[in-house]
Structures are given as C-alpha cells and as structure tokens.
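K.L.:
Structure incoming, see below.
The values are calculated or read from the model by the stated rules, or taken from the named source; none is laboratory data. Source: prediction; values computed, not measured. For neighbour counting, all protein chains shown are included, and Cβ atoms are generated from backbone atoms with ideal geometry for every residue, glycine included.
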Amino acid sequence: MIELRNVSKSYRTSTGFNHVLRDVSIVFPTGHSVGILGMNGSGKSTLIRLIGAAEPPDKGSVYRDMRVSWPLGYTGGFQGNLTARENCRFVARIYGETVEYVERFTDEFAELGDYFDMPLRNYSAGMRARFAFAVSLACDFDCYLVDEALETGDARYKEKFRRAFEERREGSSVILVSHNEQTIRRNCDMAAILHNGSIEMYDSVREAMQHYKFLQTRAA
Amino acid sequence: MRSINSRAGTAITPSIILSALVTQGRVINALILRETKTRYGRHKLGFFWMFIEPMFFVGLFLAFKLLVRSPTSGGMPDAYFIITGITPFLLFRQSMSSLANAIAGSRSLLAFPQVTTFDVILAIILLEFSSLLMVFTILLIGSAAFFGPYAIENPLLVLYGILLLGISGAGLGMMFAALVPIMPSIKNITNPLFGRPLFFTSGVFFTADMIPSSVRDYILYNPLLHMIEIIRSGFFVEFESQYIDHRYAFLFATGLLLVGMLMHQSMRNHAIKSA
C-alpha cells in the first residue's frame, strides 16, 4: 500500500507559485493497477515523482510499505552516453541487486540484441522504454511507477510486458499516469483523476472515464 | 535526506540509520563506477589521459630549464619541484570544473529516490581526490626511477596542503553549480576567469621567495599560493617557506566549502529543474 497524507506541492515559476497538488490524500492499495488520468500540465509527472520519492512534498507525508520502482518513462534515470549494460549495472548497484542477474535478465527480456552494448542515446524511444521496463522487472519491485511510456514499442512487446506484469500482479501493484484514456483502460483496474491540484479515486475505470470526458469537454 | 522518516511517528533507530548508510554507500560506489566509466571508459587510452597533462608540464619545465637555465627551483630537485606544484593545482582545477557540471550532468539519475545531489557531489570529490593522488604517486615513482629517489620530509603536511586545494576547488565548483541555472554561461568562464590566472599565480612554477617583493605582496593574497607553499615545505628538506599564512589558507578553503555547500543547498531544487 502507498498512502499520500495531506500532500501539497508547488513550484515557483516566473509568474508566481504553481500549485500542482493541494492537500491531497489518497490510498493506492496493493495488488491493483491504478491509472491516474490528467490532462497535460495537470501535475501527473510531479505526482509520480512524489510517490517514488524522487522529490519530497512541500507539506504532508508519503507512506510506503513496499519496494517502489523509480518513475519509468522515456528517459528517466538513465545516462545517454552509457550503454544499456552499464546502465543495468548502475541500477543493480544502487538497489543492491546481483549485477550479473540484472544484466542477464535485462538482456534477455528487452531483446535489444547488439544494441545492449551501445550507448542509450542511439536508441529509439521504443527501445528506451523496453530497456527501462526490463531493468525494472529485473529488480523485482512491489510497485511499478509508470509515466506515460507504455504506449511506445511494438504490440508484441507491449503484450510481453503486460503478461510479465500479470504474473507479478499477486503481490505487486502498478501506478500508471497518462493523459491517454486507451492506455489506462487497457492496463488498469482502478482509476483516479488528477485535476486542478486535487485527485479523486473512482471505483471503476469506466466511471472515471466518463468523468474525465466530462472534464475534457468542459475544458475545451 | 533519505526517506528514513517517511512514516510519521516512526522512531529513528540505529538499524534504520545503518540501513540508510548502507544505501548511501551503495549509491556512492555506483556513482563513482559510473563516472569512471563515463570519463575513461570510452577510449582505450582513457585512463592514460589523466597523466598526460602533468607529465607534459614536467617535461616542459625540465626542457625550459635545460635551455635557459633561468627558472630556478630553489635548490629543490627540478622534477619533484614541478610535480608538487602541478598535481595539486590540477586537483583544484579538476574538482572545480567537474563539480560545476556535475548536477546538470547527472540530473537524470535523480529520478532514483536514493540518489541525491549530495551523493553526486561526494562521489565526484572522492573520485577526483583518489585519481589525483594516484597520479601524484605514480609521477613520484616515475621521478624516483628517472632522477633518483627523494625522501619526503613530512608526508602528512603534503597531504594537508593537497587536501586544502581539493577542498577549495570543490567549494568553488559547488558555487558554480549553484549559479549555473541563473547564469548558464558561467560554465564557460570558470577556466578563463579562475583556472588560467590562478595557474600562473599560485606558485606552480615558483615559490614566494623567488619573486620580487613588490609583486610578492600582492600575489600572497592568492590563497592557493599558500597551499602550494605548504605542500613544498612539507615535501622538501631544502625548503621552508617564510610566507605561509596557515590560518589564511585554512579559513579560505573551509570558507569556500561552506559557502559552496550553502549555495548548493539553497539552489538545489532550482538547479535540478532547469539543468
């Protein structure tokens, strides 16, 4: 379970303070895939960084009783001038995993072939996403934080990744942020909407979708 | 820093502190290995490059000395004289320039919750210190083989002087790193503004008593000169500087470090965002 208690976060911009989250409290239960819908600029990435402890909240606290991944995205966490193998080693070391195992697993799962020993900056977006997911699976987290990136890569690989998640679903959770309803509908069994600095959890994905559509039409 | 107090009301026990320290050690180890790989791993001769610059200056100085006979080493053996000047200075310059770019260069790593800017800074400082100490040792061994061995008078004082230079460089580097987000061009002026003038006024090629007293009065305001004088006083039996102001050198180095840390702390979030 991951719980946010009265979390507030704002950034200073040239035009004053931008309040991304205002006094947000929400519980992400274990064993579920929760999708967080939000329009561009609504603070999705900030939220996922707070959940993953990549940033501290201004106010309130984030409670985690599980091993949470770093926010998986297109680039997050990796050094473009190092190869996939070298990045693997770095991740394995900071998480205290066996370096050889993480390397081997990632190499097999990501199916990067010769690219595994080439610098990440030569990768396509899809390959980067494949690599990021494979490394995170190798580390065997209890909760995976995903920032948008699920929609990259070919259909076969997406399917492979989804199956890997299904296998782990028993004890592990996924928190996925996206502005894309399709992504959430396909991958999640719960959904929340982030809008105007507050977040609301819905019992069913369908219900959340309906409300999200309503918000979008109102915004347009 | 770490999320040891993530749960409100949980007491901080020794075991929590220990596990946080273990994590920190793991992170710094991983960062050092990563940085080494980024710097020296790309080319076959990568590691060798570290030695090129100081060796170049040793060679240049010796050649100069053979040709004109004018630059004196005050009775100190020439090769050792120049090594004790150039290597500590390179530590200063390297620490300054690599820390100035450190935060920007490792922004993507901050996505990992256990990696903080503090870890990045510490890893780079450790890497600079250990590589320059290694260069120093190897150059000394090389000189011993070529020009005959030399017994260091007071190794601890030498190390202290080197430490002061490293700390000063680290402090300045952190200050630059903090200023980069508001003044991105500052990265380009660290060397022309600080590196180069200091290179010629810090006593890499001379000691304070070799220069005319009218110039000396001014040049002694350069704290790095005091630090290099400390190193040479510790190194050579033949040399004891009368111009060292220990308090000045110490306060300057620790002052720079303190200001650098404070500036880094206050600008940290800004630096991460806009890097």
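K.L.:
Find the residue count for the range A:50-96, including only residues that are within 7 Å of chain B (Cβ to nearest Cβ) and of a type in the set (K, R).
P.N.:
Looking only at that region, the number is 2.
K.L.:
Do the conditions hold for B:A104, that is, is it within 14 Å of another protein chain (Cβ to nearest Cβ) and either in contact with a Leu (Cβ under 6 Å, 6 or more places away or on another chain) or among the small types (G, A, S) (or both)?
P.N.:
Working: within 14 Å of another protein chain (Cβ to nearest Cβ): yes; either in contact with a Leu (Cβ under 6 Å, 6 or more places away or on another chain) or among the small types (G, A, S) (or both): yes.
Spelling it out, B:A104 is indeed within 14 Å of another protein chain (Cβ to nearest Cβ) and either in contact with a Leu (Cβ under 6 Å, 6 or more places away or on another chain) or among the small types (G, A, S) (or both).
K.L.:
From the list B:V135, B:V180, B:V158, B:V120, exactly one residue is within 14 Å of chain A (Cβ to nearest Cβ) and either crowded, with 17+ Cβ neighbours inside 10 Å or more than 26 Å from B:F57 (Cα to Cα) (or both). Which is it?
P.N.:
B:V120
K.L.:
Can A:I51 be described as crowded, with 19+ Cβ neighbours inside 10 Å, closer than 17 Å to A:S172 by Cα and out of contact with any Ser or Thr (no Cβ under 9 Å at 6 or more places or on another chain)? Explain how you work it out, then say what you get.
P.N.:
Details: crowded, with 19+ Cβ neighbours inside 10 Å: yes; closer than 17 Å to A:S172 by Cα: yes; out of contact with any Ser or Thr (no Cβ under 9 Å at 6 or more places or on another chain): yes.
Against the criterion (crowded, with 19+ Cβ neighbours inside 10 Å, closer than 17 Å to A:S172 by Cα and out of contact with any Ser or Thr (no Cβ under 9 Å at 6 or more places or on another chain)), A:I51 qualifies.
Condition check ((1) part of a helix (DSSP H, G or I); (2) within 13 Å of chain A (Cβ to nearest Cβ); (3) not hydrophobic (A, V, I, L, M, F, W, C)) across all residues:
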{"site": "B:G85", "(1), (2), (3)": "yes, no, yes"}
{"site": "B:F89", "(1), (2), (3)": "yes, no, no"}
{"site": "B:S108", "(1), (2), (3)": "yes, yes, yes"}
{"site": "B:P113", "(1), (2), (3)": "no, yes, yes"}
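K.L.:
Could you please find all residues in the range A:167-184 being charged (D, E, K, R) and without any contact (Cβ under 8 Å) to a residue 40 or more places away in the chain?
P.N.:
A:E167, A:R168
K.L.:
Look through A:R206, A:R163, A:R128, A:R186 and report the one residue that is closer than 22 Å to A:A92 by Cα and among the basic types (K, R). Full working, then the answer.
P.N.:
Working: A:R206 fails: closer than 22 Å to A:A92 by Cα; A:R163 fails: closer than 22 Å to A:A92 by Cα; A:R186 fails: closer than 22 Å to A:A92 by Cα.
After applying the criteria, what remains is A:R128.
K.L.:
Could you check the range B:45-83 and list, in sequence order, the residues that are in a helix (DSSP H, G or I) and modelled with pLDDT under 75?
P.N.:
B:G46, B:F47, B:M50, B:K65, B:L66, B:V68
K.L.:
Still on this structure: Which one of A:L21, A:L47 is assigned to a helix (DSSP H, G or I) and either more than 8 Å from chain B (Cβ to nearest Cβ) or under 28 Å from A:L137 (Cα atoms) (or both)?
P.N.:
Checking each option against the conditions leaves just A:L47.
K.L.:
Here's a check for you: in the range B:191-223, which residue that is part of a loop (DSSP other than H, G, I, E, B) and more than 18 Å from B:I82 (Cβ to Cβ) is modelled with the lowest pLDDT?
P.N.:
Step one: of the range B:191-223, the residues part of a loop (DSSP other than H, G, I, E, B) are B:202-207, B:211-212, B:220-222.
Among the residues that remain, those that are also more than 18 Å from B:I82 (Cβ to Cβ) are: B:212, B:220-222.
Details: B:P212: 86, B:L220: 90, B:Y221: 92, B:N222: 92.
Taking the candidates together, the pick is B:P212.
K.L.:
So, one more: I'm trying to understand the selection: among the residues of the range B:135-153, which are in contact (Cβ under 8 Å) with a residue 60 or more places away in the chain and of a type in the set (A, V, I, L, M, F, W, C)?
P.N.:
If the condition is that a residue be in contact (Cβ under 8 Å) with a residue 60 or more places away in the chain and of a type in the set (A, V, I, L, M, F, W, C), then B:V135, B:I138, B:L139, B:L140, B:F146, B:F147, B:A151, B:I152 are the ones that fit.
K.L.:
From the residues in the range A:196-208 that are buried (at least 18 other Cβ atoms within 10 Å of the Cβ) and in contact (Cβ under 8 Å) with a residue 60 or more places away in the chain, which one is nearest to A:K160 (Cα to Cα)?
P.N.:
A:V205
K.L.:
Which pairs turn up if I take residues in the range B:11-32 that are β-branched (V, I, T) and look for partners that are modelled with pLDDT under 90 with beta carbon separation below 7 Å, at least 6 apart in sequence or on another chain?
P.N.:
B:I12/B:I4; B:I12/B:N5; B:I16/B:I4; B:T23/B:R2; B:T23/B:Q114; B:V27/B:Q114; B:V27/B:V115
K.L.:
Return the pairs, sorted by first residue and then second, in which the second residue is β-branched (V, I, T) and surrounded by 23 or more Cβ atoms within 10 Å (Cβ to Cβ), the first residue lies in the range A:41-56 and is within 24 Å of A:Q216 (Cβ to Cβ), the beta carbons are less than 6 Å apart, and the residues are 6+ apart or on different chains.
P.N.:
Between residues of the range A:41-56 that are within 24 Å of A:Q216 (Cβ to Cβ) and residues that are β-branched (V, I, T) and surrounded by 23 or more Cβ atoms within 10 Å (Cβ to Cβ), the close pairs are A:K44/A:V177; A:I48/A:V177.
K.L.:
Here's a follow-up. Return the pairs, sorted by first residue and then second, in which the second residue is surrounded by fewer than 19 Cβ atoms within 10 Å (Cβ to Cβ) and charged (D, E, K, R), the first residue lies in the range A:17-34 and is in contact (Cβ under 8 Å) with a residue 12 or more places away in the chain and farther than 22 Å from A:C188 by Cβ, the beta carbons are less than 8 Å apart, and the residues are 6+ apart or on different chains.
P.N.:
A:D23/A:K59
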